[in-house]
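Note sheet for the following structure.
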Amino acid sequence: MTTASRPFVPHAVGTAMPRPEGPQKVRGTARYTVETPGSDALYLFPVQAGVARGRVTAIDTSAAEALEGVVAVLTHENAPRLAREADADHGVLQSSTIHQHGQYLAAVLATSSESAREAASLVSVEVVEEPHAAVLDEDSPDLYTPEALVVGVTDDTRGDPEAALAASAVTLRRTYRTPMEHHQPLEPHATVACWEDGRLVVHDATQAVSWTRQALAAAFGLDESDVDVVAQHVGGGFGSKGGTHPNTMLTALAAQAVPGRSVRYALTRQQMFDLVGYRPATVQHVALGADREGRLTAITHDVVDQGSKIGEFVEPAAAFSRGMYAAETRRTTHRVVPLDIGVPTFMRAPGEAPGSFAGECAMDELAIELGIDPIELRLRNEPEVDPESGLPYSSRNLVACLRRGAERFGWADRDPAPRARLVDGWWHGTGVGSASFPVPRFPGSEATIRATGTGDTAGYTVEIAASDIGQGARAALTAIAADALDVGVERIDLRIGDTAFGPAGPAGGSAGTTSWGATIVEAADRFRDKYGDHPEDGDEADAHTPDNPWAGEYSMHAFGAHFVEVAVHADTGEIRVPRMLGVFAAGRIVNPLTARSQFLGGMTWGLSAALHEESVLDDRFGHVVNRDFAGYHVATNADVGTLDVEWLDEDDPYVNPMGTKGIGEIGIVGVAAAIANAAYHATGVRVRSLPITLDAFL
Amino acid sequence: MKLDLTLTVDGHHHSLTVDTRTTVLDALREHLDITSPKKGCDHGQCGACTVLLDGRRTLSCLSLAVAHDGAEITTADGLAPDGELHPLQQAFVDHDAYQCGYCTPGQICSAVGMLDEAAHGAPSVVTDDLTGDVRLDRAEIAERLSGNLCRCGAYAHIVDAVEQVAR
Ligand code: FES
Ligand code: FES
């Protein structure tokens, strides 16, 4: 694999472009998965387990089957067999064993949604319950050491941090806690599946049509070429629509029972708390050792994660501390407590979001201990090279973000004294938190470029199975393709969201634009090598994602700094965030219009995590109690104060031909810490557990 | 039990037979294939299903279709007859007041209804003067649109867009 040989000259890239699909979205005519036309589609409604562990001993579907409009009722006794016993999570309706609350035990197919739902309520299930554990206890005897993180090793130790901590002039040891959180994209997960002549055609609300295809092909024993997966418009994902979950499997399985007929299933909001992943709770022990001038001598960050017995996902929260600041010694570890609950998964900035809450609060606490300004403390510990890999950074502008943010926010006048500003009954304070997120590239995408028409006015069809989950892939990839082909955006016809266009990496890991963009640039380069800039109608070239030749030479990360003002009501403890500023250094920004939305969205997520979000598990049944938007709070419009965003010009020639770093996740990293730090500054009360609620201040 | 009813949706007349349990939202989406209003929660907690029902913003998931026989419904699609975007819709596009777009038709119907409420002097919880004209500053807009969740977190841009049109 080569990299593109032409320099990438940005014209469309860097220019604000409204989303091409914008008019459809504001009218509501952009179709999301469950809206896929098809009038004879059957509605699926599931029956779910009410216990966390056990066995189905009897299941009676006769009353459900007798209901008008019901076409089929599937259970583990009559459902088609899957090709293999996939992870228990994907092996829907294959056995009588219950692994988690909410597990699918049966599925009703009916001609109307009302009938399907009523029939599901008529299925009677007898269950033998078995003992279970659902709530994270960090002293659990079941605690284990996972083999590896998704990226990187489980544990990493440099030098002798305990000796360094013992010898440090100042030592800080703290424990921070973050809760279980659920993604809750506003479009519930949904699937429409149909079997036609042995082929499986699936519309799925997914961040990765290719991954969904792989998972379905494996489960049903099909060649990938016999599975089509389409996702044109996806109503948010944030990680939950990355992996394939049991709902997609169930819909495809049920459709197998009614060949030639479409089956559609959109989860209820309540079901969204059962089976489509979550961010696991963490307990994080952090220790910092420093000399009197604030130079770190030791960092330790030891994490215990909530986990599942069904499948493993490790929230890599300590990984945040591997690269953030310089220190001679360091230890980061991850342990997992496996529980009888669903499988956790990636959620916006997995690892960095909870890890930065601990890491950046600890830096604030150390700054206070030392009597050093928290920004100054960070500047004093800026590493020369990546402390984890020892590699130089392709670009690292954390210091510039902190300085620029301090200037714009008005940090210089800040009086560090806590509980010193009472205005109209509200305690006011300000806080800061740093952000970092890696720049990965997913291999394995494929792009095809085809000329339509001839000569100077030729159009270019650009096909890649990318997903637009709201991040703005249609606009961004159109701009990248236009610049790579050196033509105007109006000549690009971008087609995405369909496995017909070959394999592609996911909209995830802040790597979509990098991975798909680099692939499109490579294909454009080959196209121009082959046909020049005056192609004939039908000329075509394709390419796979090129490797990044600099990958082993440089450490690649985006950086940022968050500044917030917090007000806490002196009598009620109500906490508000009137002002937030995020300054980012994230390479070249492809589309300033949509990029701002991504940063704002990330910051709003950070606010929401800081003040609102917590999934509460009931230990008796293993389910989330606050299982809707009335119980699981996400930030509303009125919760958001003045948000300010700025990004620095950053020229990074190593990340990819476009010079871009991902921006989907960095906006959330460090926000909760900045808010907790500001809340301390406002009130003198240090909150080390999320979400920060008013009782902490009373 | 099923009943017959008529609905006028975005200027088009429809006769349909629905289950008495069918909501206005499901009547639109599942019977008439009008999918502009979205289902985010089905419980009146997210606002994605907001339509203008007889001129007022209404959560269509909390309204039973049979209770609205003969109603006039406007969806976000109906605000753009012949594809000509309503000024609010154009402002949403210009300010990028969305990401995934799933909350957007509801946000827009809600904002249209809200502007009308404000024009008629309806106060909100953040209105200081309960008797004078309503001045729609950012806090008023945010408050009045807080029944419409946006999980993508586009609120800041939504307020920008609505503020531009409210001026
Ligand atoms: S779908 Fe009606 S309020 Fe959520
Ligand atoms: S734009 Fe995605 S929920 Fe609002």
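The values are calculated or read from the model by the stated rules, or taken from the named source; none is laboratory data. This structure is a prediction, so every number in the text was calculated from the model and none was measured. For neighbour counting, all protein chains shown are included, and Cβ atoms are generated from backbone atoms with ideal geometry for every residue, glycine included.
Here are the numbers:
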read-out	value
Lone qualifier among B:V93, B:V165, B:V125 - being over 15 Å from the mean Cα position of the chain (by Cα), surrounded by fewer than 24 Cβ atoms within 10 Å (Cβ to Cβ) and within 15 Å of ligand 2 (Cβ to nearest atom)	B:V93
From A:Q271, A:Q232, A:Q256, residue being within 16 Å of ligand 2 (Cβ to nearest atom) and surrounded by fewer than 24 Cβ atoms within 10 Å (Cβ to Cβ)	A:Q232
Complete set of residues in the range A:1-42 that are among the hydroxyl-bearing types (S, T, Y) and either surrounded by fewer than 16 Cβ atoms within 10 Å (Cβ to Cβ) or farther than 24 Å from B:V51 by Cα (or both)	A:T2, A:T3, A:S5, A:T15, A:S39
Matching option when the condition is away from every other protein chain (no Cβ under 14 Å) and at pLDDT below 95, among A:G587, A:G622, A:G532, A:G538	A:G532
3 or more residues basic (K, R) and away from ligand 2 (no atom under 16 Å from the Cβ): qualifying strands (runs of 3 or more DSSP E) within the range A:166-214	A:170-178
Any chance A:R404 is closer than 26 Å to A:K661 by Cα, part of a loop (DSSP other than H, G, I, E, B) and among the basic types (K, R)	no
Scope the range A:683-698; condition of a type in the set (A, V, I, L, M) and within 18 Å of A:F357 (Cα to Cα); matching residues	A:V685, A:V687, A:L690, A:I692, A:A696
Residue match in the range A:660-682 (condition: touching a residue at least 24 places away in the same chain (Cβ under 8 Å) and surrounded by fewer than 19 Cβ atoms within 10 Å (Cβ to Cβ))	no
So A:M272, is it under 23 Å from the mean Cα position of the chain (by Cα) and within 14 Å of chain B (Cβ to nearest Cβ)	yes
Among the residues listed as B:A156, B:A142, B:A111, the single one being surrounded by 24 or more Cβ atoms within 10 Å (Cβ to Cβ), assigned to a helix (DSSP H, G or I), facing another protein chain (nearest Cβ under 10 Å) and of a type in the set (G, A, S)	B:A156
In the range B:33-57, residue farthest from ligand 2 (Cβ to nearest atom) [restricted to those that are farther than 24 Å from A:V234 by Cβ and touching a residue at least 24 places away in the same chain (Cβ under 8 Å)]	B:G55
One residue from A:A451, A:A447 being closer than 17 Å to A:M658 by Cα, part of a strand (DSSP E or B) and of a type in the set (A, V, I, L, M, F, W, C)	A:A447
One residue from A:A435, A:A358, A:A412 being hydrophobic (A, V, I, L, M, F, W, C), touching a residue at least 24 places away in the same chain (Cβ under 8 Å) and assigned to a helix (DSSP H, G or I)	A:A358
Members of the range A:402-440 found to be at pLDDT below 95 and either surrounded by 15 or more Cβ atoms within 10 Å (Cβ to Cβ) or β-branched (V, I, T) (or both), listed by number	A:P440
